[in-house]
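Working notes, structure below.
The values are calculated or read from the model by the stated rules, or taken from the named source; none is laboratory data. What you are looking at is a predicted structure, and each value in this text was computed from that prediction instead of being measured. Cβ sites come from the backbone with ideal geometry, for glycine too, and all protein chains shown count toward neighbours. When the accessible area is computed, the model is the full protein with side chains, heavy atoms only, and any ligands, DNA or RNA have been set aside. Shrake-Rupley method; radii C 1.70, N 1.55, O 1.52, S 1.80 Å.
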Amino acid sequence: MTDSTNAVFSCADVHIWVGEKEVVKGVDLTVMPGEIHAIMGPNGSGKSTLANGLMGHPLYTVEGRLTLAGEDVSALSADEKARKGMFLAFQYPVAIPGVTVASFLRAAVSARRGAEVPIRDFRKELLARMADLDMDTAFAGRYLNDGFSGGEKKRVEILQMLMLQPRFALLDETDSGLDIDALKVVSKGINAASTPEVGMVLVTHYQRLLNYVRPHVVHVFMDGRIVRSGGPELALELEERGYDWLEPAAAAGGA
Amino acid sequence: MSAQPNPTLSVALEHVEELARGLGESGDALALRERARDLVTPLVLPDRARHLWRYTNPERFVPVADPTVLAPVAIAHEWPREDDLAAAALIAGGALRMVEIDDTARRAGVVIEDLHRAATDGLLGSLVPPEHGFAEAINTAAWHGGVLVRVPAGVELEHPIRVRCVASAEPVSVPRVLVVAGAGSAFELVEGHVGGGVPALVLGVTEIAVGPDARVRYSLVQRWDAGVTGHLTARARLERGAHFQMSLASFGGSLYKADVGAVLAGEGAQAEMFGVSMGGEKQHMDHHTEHLHEARKTHSNLDFKVALTGAARSAYTGMIRIAHDAGGSEAYQVNRNLLLSEDARAESIPELEILTDDVRCSHGATVAPLDEEQVFYLKSRGLPHFQAMRLIVYGFLGQTLQRLPATTRERIEALVASRLHEE
Ligand SMILES: Nc1ncnc2c1ncn2[C@@H]1O[C@H](COP(=O)(O)OP(=O)(O)O)[C@@H](O)[C@H]1O
Ligand SMILES: [Mg+2]
């Protein structure tokens, strides 16, 4: 076990239920400053449930202890965690018609920084980050995720991460549905956000993203559990051999 | 089932003649008042099984005091005007209190005058006749405090005209507004209803005659104090090629019924209507819209949004009627209701009468609670629950709010925010 005193994020023995169904069945995770972890696992194994549950989605019942930069945040609501520096990039971001990307982000950035950001400073910063992500400035005036393509939504998730400057970011399949150019841009954004103080977890089921973003730790996630952890080479092994060879380990993990 | 006179309810309209004489009206005006009075004597309230009154009890709009008793009250009413206006008129305490017209508008021949003494060329009571309904008949018999707004043919106004009706100091307010838009004129008019204080009843009627090729933007903004019971009826009649855009904003009062619409009487006329309503606590809102397509190639489009908190109720009925000889017409209607609390309720009933095949027509209605996924998304970005909800509601209502003049919009945004705070 890693010593978690200086971790940006850690959780111990996390179980998550959707209604009566236990989907996440005991997860321990410790992310140190500057680390990027990858969680890889087959569809339906519970990765999004883990990510949404940790963030505080009201649909899920979460049991277990969560700490964010040393502080116990187990009992905090999603907005409190977000203001303390936790961030989730959604696998399926929802649309909010009538609310522009710029007005939403200004409210969010002000909440995160604990003070109203002056409109001109905000605009400058927003346009600079949008340029980093090769985004048309017109995006600022569009309604949040409303009619966005899959790739556009993912870019806007990364844009939000860059603006909100989290301490700990969970990225749920931010790489899926991207063409190669978009993948490069999104990876650039992830690498830019990954400073020595920041911890990250990339949830993915492809190795593809990991060609552009180097993880320090790779976890294999099956049936609600981390069944194996290792270095970047584990991702390559998964790419070659799939998940089937790990099935017995999944069963063993339950013991 | 036919409606029977209600033995316990009647409306006293004893002083119609004195009222007309006291206000210096013509003989024609008196004849109209008497015709209206006779329609509600004895008072026959509408059948509640019929659509228009299914959700709201008509008895609530029957005045207890005689509204034909002319006793205008001296009132002091502050009206700070923040935006540039072409003209402004204030109706309060049963009389037209103030008229201002800027020089440009005056030189262009814009007329804002007391409706009691104005020459109305038979237009008064032609777009909303007393036969329209009992509330309109009571207004027609008893109205006092009225304004005529006339914009001559070809005149385009840069700044809006504002008419404000204050419900206060009288147990019953019966304001009347007549707007005449000359051929090819273009302007914006905002009719605002405010005030309250005493338990007040308001029965208001507005008629808008839109001449050929005129372009009129009209907003009906209702933000009465709590406790007011009110019924407002507004009808526009559009001649050939006229373009009428209406914004409806309904926020105040305890019990409100609005009956608004347009008759598309001339070929190529277009009517757009954007409405927002937000109710809270035990407010009851009932909106009826009507688009009557009577001529060929007419076009109507309606988007009405309702957000409710507390135990508020909303009923919406939207009538589209396309006459047999109105081929080539198009009519669209959407009503969306957002329920922000468990006790809020909304009903939405489209009513289509399409008497020709040569049309395009669609309608849609939704009643839905706040989307938890949207709330969670915003909260995950650091916005507290209240702020997340407010952003979603602003977004929901925003498209319509954007169409209101800036100062009105700001006031309504503040009302929305305070409504949400009650949650
Ligand atoms: N909101 C939900 N309602 C019902 N079942 C859910 C819900 N969220 C997750 N689940 C169930 O949890 C399991 C894991 O889903 P998910 O976390 O989306 O997996 P992954 O992200 O690994 O593909 C699935 O079997 C799914 O049916
Ligand atoms: Mg998933």
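If a residue has to be within 16 Å of ligand 1 (Cβ to nearest atom) and out of contact with any His (no Cβ under 8 Å at 6 or more places or on another chain) to count, how many in the range A:55-97 make the cut?
The qualifying residues number 14.
What is the residue count in the range A:98-121 for residues that are of a type in the set (D, E, K, R) and either under 23 Å from B:I392 (Cα atoms) or within 16 Å of ligand 1 (Cβ to nearest atom) (or both)? First the steps, then the outcome.
Step one: of the range A:98-121, the residues of a type in the set (D, E, K, R) are A:106, A:112-113, A:116, A:120-121.
The next check asks that each one be either under 23 Å from B:I392 (Cα atoms) or within 16 Å of ligand 1 (Cβ to nearest atom) (or both); those that pass are A:106, A:112-113, A:116.
Residues that pass the stated criteria total 4.
Run down A:L170, A:L209 and say which single residue is open to solvent by less than 20 Å² (accessible area, probe 1.4 Å) and modelled with pLDDT of 95 or more.
Details: A:L209 fails: modelled with pLDDT of 95 or more.
Going through A:L170, A:L209 in turn, just one is open to solvent by less than 20 Å² (accessible area, probe 1.4 Å) and modelled with pLDDT of 95 or more: A:L170.
Given the criterion more than 16 Å from ligand 2 (Cβ to nearest atom), open to solvent by 10 Å² or more (accessible area, probe 1.4 Å), in contact (Cβ under 8 Å) with a residue 12 or more places away in the chain and more than 13 Å from the chain's Cα centre (by Cα), identify the matching residue among A:V156, A:V217, A:V198.
Working: A:V156 fails: open to solvent by 10 Å² or more (accessible area, probe 1.4 Å); A:V198 fails: more than 13 Å from the chain's Cα centre (by Cα).
Unique residue meeting the criteria: A:V217.
For the range B:358-380, name all the residues that are away from chain A (no Cβ under 14 Å) and either among the aliphatic types (A, V, I, L, M) or free of Cβ contacts under 8 Å to residues at least 24 places away in the same chain (or both). Spell out the reasoning first.
Step one: list which residues in the range B:358-380 are away from chain A (no Cβ under 14 Å), which gives B:358-365, B:367.
Once the filter is applied, which keeps residues that are away from chain A (no Cβ under 14 Å) and either among the aliphatic types (A, V, I, L, M) or free of Cβ contacts under 8 Å to residues at least 24 places away in the same chain (or both), the range B:358-380 yields B:V359, B:A365, B:V367.
Can you tell me which of (1) open to solvent by 10 Å² or more (accessible area, probe 1.4 Å); (2) closer than 30 Å to B:N57 by Cβ; (3) touching a strand residue (DSSP E or B) at 6+ places or on another chain (Cβ under 8 Å) is the one B:F134 doesn't meet?
(3)
Kindly list the number of the only condition in (1) farther than 23 Å from B:D358 by Cα; (2) over 15 Å from the mean Cα position of the chain (by Cα); (3) surrounded by fewer than 22 Cβ atoms within 10 Å (Cβ to Cβ); (4) modelled with pLDDT of 95 or more that fails for B:L255.
Result: B:L255 fails condition (2) only.
Out of (1) open to solvent by 10 Å² or more (accessible area, probe 1.4 Å); (2) among the polar types (S, T, N, Q); (3) over 30 Å from B:A183 (Cβ atoms), the odd one out for B:S277 is which?
The number of the failed condition is (1).
Are any residues in the range B:381-423 open to solvent by less than 10 Å² (accessible area, probe 1.4 Å), more than 14 Å from chain A (Cβ to nearest Cβ) and among the β-branched types (V, I, T), and if so, which ones?
Once the filter is applied, which keeps residues that are open to solvent by less than 10 Å² (accessible area, probe 1.4 Å), more than 14 Å from chain A (Cβ to nearest Cβ) and among the β-branched types (V, I, T), the range B:381-423 yields B:T408, B:I412.
With among the hydroxyl-bearing types (S, T, Y) and touching a helix residue (DSSP H, G or I) at 6+ places or on another chain (Cβ under 6 Å) as the only criterion, which of A:T174, A:T195 stands out? So that I can check it myself, show each step before the final result.
Numbers: A:T195 fails: touching a helix residue (DSSP H, G or I) at 6+ places or on another chain (Cβ under 6 Å).
Exactly one residue qualifies, and that residue is A:T174.
Exactly one of these conditions fails for A:P33: (1) farther than 20 Å from A:V217 by Cβ; (2) open to solvent by 20 Å² or more (accessible area, probe 1.4 Å). Give me its number.
A:P33 satisfies every listed condition except (1).
Taking the residues in the range A:106-125 that are away from every other protein chain (no Cβ under 14 Å) and surrounded by 14 or more Cβ atoms within 10 Å (Cβ to Cβ) as candidates, determine which candidate is nearest to A:S187 (Cα to Cα).
Ranking the qualifying residues of the range A:106-125, first place goes to A:E125.
Select from the range A:42-90 the residues that are assigned to a strand (DSSP E or B) and touching a residue at least 60 places away in the same chain (Cβ under 8 Å) and write down the one among them that is surrounded by the fewest Cβ atoms within 10 Å (Cβ to Cβ). Even if it seems obvious, please write down each step before you answer.
Initial filter on the range A:42-90 (assigned to a strand (DSSP E or B)): A:60-68, A:71-72, A:86-89.
From what's left, touching a residue at least 60 places away in the same chain (Cβ under 8 Å): A:67-68, A:86-89.
Working: A:T67: 18, A:L68: 24, A:M86: 27, A:F87: 25, A:L88: 31, A:A89: 27.
The residue in question is A:T67.
Sort through B:L338, B:L302, B:L352 and tell me the only one that's in a strand (DSSP E or B) and touching a helix residue (DSSP H, G or I) at 6+ places or on another chain (Cβ under 9 Å).
That would be B:L338, the only listed residue that is in a strand (DSSP E or B) and touching a helix residue (DSSP H, G or I) at 6+ places or on another chain (Cβ under 9 Å).
Yes or no: A:D13 at pLDDT 95 or above and open to solvent by 30 Å² or more (accessible area, probe 1.4 Å)? Lay out the reasoning, then the answer.
Working: at pLDDT 95 or above: yes; open to solvent by 30 Å² or more (accessible area, probe 1.4 Å): yes.
In short, yes.
If you take the residues of the range A:42-54 that are under 17 Å from A:M200 (Cβ atoms) and away from chain B (no Cβ under 14 Å), which of them is farthest from ligand 1 (Cβ to nearest atom)?
Top of the filtered list is A:L50.
Within the range B:75-101, how many residues turn out to be more than 27 Å from B:P171 (Cβ to Cβ) and open to solvent by less than 50 Å² (accessible area, probe 1.4 Å)?
Going through the range B:75-101 one residue at a time, the tally reaches 5.
Which one of A:P33, A:P58, A:P93 is away from ligand 2 (no atom under 16 Å from the Cβ) and within 14 Å of chain B (Cβ to nearest Cβ)? Write out each step before concluding.
Values: A:P33 fails: within 14 Å of chain B (Cβ to nearest Cβ); A:P93 fails: away from ligand 2 (no atom under 16 Å from the Cβ).
Of A:P33, A:P58, A:P93, the one residue that is away from ligand 2 (no atom under 16 Å from the Cβ) and within 14 Å of chain B (Cβ to nearest Cβ) is A:P58.
Give me the residue from the range B:324-343 that is in contact (Cβ under 8 Å) with a residue 60 or more places away in the chain and over 23 Å from the mean Cα position of the chain (by Cα) and, out of that set, farthest from the other protein chains (Cβ to nearest Cβ).
First, the residues of the range B:324-343 that are in contact (Cβ under 8 Å) with a residue 60 or more places away in the chain: B:326, B:329, B:336, B:340-341.
When the remaining residues are screened for being over 23 Å from the mean Cα position of the chain (by Cα), the result is B:326, B:329, B:340-341.
Values: B:A326: 33, B:S329: 28, B:L340: 15, B:S341: 16 Å.
Applying the filter and picking the extreme gives B:A326.
Quick one: which residue in B:R176, B:R162, B:R223 is in contact with a Gly (Cβ under 6 Å, 6 or more places away or on another chain) and buried (at least 23 other Cβ atoms within 10 Å of the Cβ)?
B:R176
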